[in-house]
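Chemist: Input: one structure, supplied below.
Coordinate-derived values only; no laboratory data. Only a predicted model underlies this, so the values are computations on that prediction, with no experimental measurement involved. Heads up, the Cβs are rebuilt from the backbone with ideal geometry, glycines too, and the neighbour counts pull from every protein chain shown.
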Amino acid sequence: MHPEGKVKRREDGFMSGVALLTLSAACAKICGMLFKLPLFSIIGDGGMGYFNSAYVIYTFFFVLSTSGLPVGLSILIAEGTEERHRLGYFKSSVLIFGGLGGVFCLLMLFAPYRLSWLIGNPGAAKSIRVMAPSLLAVCLSGCLRGYFQGRKNMLPTALSQVIEAVFKTVLGILFAYFSVRKGQSEPHTAAMALLGVSLGSIFSFFYLAIVFFKSECLKKDAVLPEQRTRLNTFNYGKRLLAVVLPVSSASVVLSLSSLIDLSVVMRGLVEAGHTRELANELYGNYSGSVIPLFNLPSVLVAPIASAVIPFLAKEKQPRAEEAKELSSLALRLSVMISAPCALGLAFLARPILTLLFGTGSAETAAPMLILLSPAVLLVALQTVSGALLQGSGSRSIPVICLACGAVVKLVACHLLISRIGLAGAPIGTVLCYLVSAALNLHFCLRRKIFERRALLKLLLPLLCALLCGVVAFALVCILPSHGVFTLLAIGAGAGVYFGCLALCGAFDSNLRRLLPFFKGRSRLRAE
């Protein structure tokens, strides 16, 4: 075959793989939204408190045992030239990460009351125990997904994500609904909802395992018996850990921060004079309505960080000016996306929460969302500036900066929650990302990843976003209090924002050329 034909086939395969994973991720997000909104109305603030408390514990153990595994394993599988090396990496991943997941699974299964006591929410013990089997399933699924992705077969990963999301949504809602119909307690109802989540993970693993054992690649590239005895699991595992650990370090810091945050919040609310039941309801309202809205804009910013790392990693000194230009544009684009989201949540916190979760929840959650909204912009700055540092070779600095922010968050929450109540939690989160983003930007400037004038260019989208928020808030005040008019105000604010950006010349030629790069090609280079 002609070399150009081979290249074309590789590009087509890559783009089809990206399309599959993007579609499956979109389906998972939609299922997540369809799961959380009705679940909140079914189990209430108290149930969501137990649900999210257990989920934070589960996420922490999941990150410790699996974070970075599919990406790291796929890199090593793709680099392997012989089938015995690929199987060696896969075998070591199952032994190391499957074993680690098994240990944490047993811990959640047999010590749920101790774990729930550590986070200050004893009622979450049933929910923690129900999630235990899911932890082992997702660890083994991570090994299988990494293996398939390394062989450039994205279909099993995509389908497994859809299977997990669909079963989680359907079974979780059904189990919670029938538990409420039977008059079960809130801790039991939350555990039944998480049983659906756990079963979704298990079904997804079974699908991947069936595909793996039926895979034609194992028949084509069979390893000879004498070769199998030479597989050195220790050496393969050592190499695997060397690739996976740097990828997962930032996720571990974030998950540890969330776990500490939960414990400090629950204990602080009790110290402030609330009963454990009321503290759980307040946390459930905050984590079930405010946090999902806070996390939503990051989905739009994450692709910028993912795309800019490999491009900067390839840049050499002769192209330093081009790398600076790309870094500046990536930072500006992240602010253009996150600034209207942050100010929109600040100005329209109450009508948006009322539209999604009802008037009762909105009354408690709206002040929390207003306090938390600046963190949307700070998270975008922290994410992209961290990616710029990683792409430029400074891989440990973003993790250290994030750890500094987590320490500030812990101290702030500890000091504030017992004095001013739950409002201390969003303030602590804002301070966390303010510190980590400021440190990241400082090191970016010191390493000359971009110039200082790049920060001045961020003022334009901020001013346009402020006008957008004012217009939307004015419309909400004028129009009747109804969901349709809330959507109309949001749409009008978005129109004003993009109109202001266009009139002010924000969409310059460099930014327009940047967008195709994030689809897989860079056109920033001179013709």
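Chemist: Once R0 is set to 41 Å, what does the formula 1/(1 + (r/R0)^6) return for the Cβ-Cβ distance between Val103 and Ile478, expressed as a FRET efficiency to the nearest 0.05?
Modeler: 0.10
Chemist: Work out how much length Leu278 to Arg419 would gain on full extension: take 0.36 nm times their residue separation and subtract the Cα-Cα distance, in nm to one decimal.
Modeler: Details: separation 141, 0.36 × 141 = 50.76 nm, distance 1.64 nm.
49.1 nm is the gain from fully extending Leu278 to Arg419.
Chemist: If Lys and Arg each add +1 and Asp and Glu each add -1, what is the summed charge of the other residues whose beta carbon sits under 13 Å from the beta carbon of Met368? The partial results should precede the final answer.
Modeler: Numbers: positive: Arg350; negative: Asp45, Glu363.
With Lys, Arg at +1 and Asp, Glu at -1, the net is -1.
Chemist: Suppose R0 equals 56 Å; then what is the FRET efficiency for Leu459 and Arg114 from their Cβ-Cβ distance, rounded to the nearest 0.05? The partial results should precede the final answer.
Modeler: On the way: r = 51 Å, r/R0 = 0.90.
Taking R0 as 56 Å, the efficiency between Leu459 and Arg114 is 0.65.
Chemist: Can you sort Ile427, Ile400 by how many other beta carbons sit within 10 Å, fewest first? Each step should come with its number before you reach the end.
Modeler: Numbers: Ile427 20, Ile400 16.
Going from least to most buried by this count: Ile400, Ile427.
Chemist: Put a dot 7 Å past each Cα toward the Cβ at Glu321 and Glu82; how far apart are the dots in nm?
Modeler: For Glu82 paired with Glu321, the spin-label model returns 4.9 nm.
Chemist: Using only C-alpha positions, report the orientation-averaged shadow area of the convex hull of the range 98-203, nm², one decimal.
Modeler: Approximately 7.0 nm², given one-decimal rounding.
Chemist: Still on this structure, I have one more. Between Met33 and Leu174, what is the FRET efficiency for a Förster distance of 22 Å, r being their Cβ-Cβ separation, to the nearest 0.05?
Modeler: 0.80
Chemist: So how do Cys477, Cys500 line up by other beta-carbon neighbours within 10 Å, fewest first?
Modeler: So the residues, fewest neighbours to most, are Cys477, Cys500.
Chemist: Remind me, relative contact order of the range 51-170 in percent, using alpha carbon pairs under 8 angstrom and six or more residues apart?
Modeler: Reported as a whole number, the value is 39 percent.
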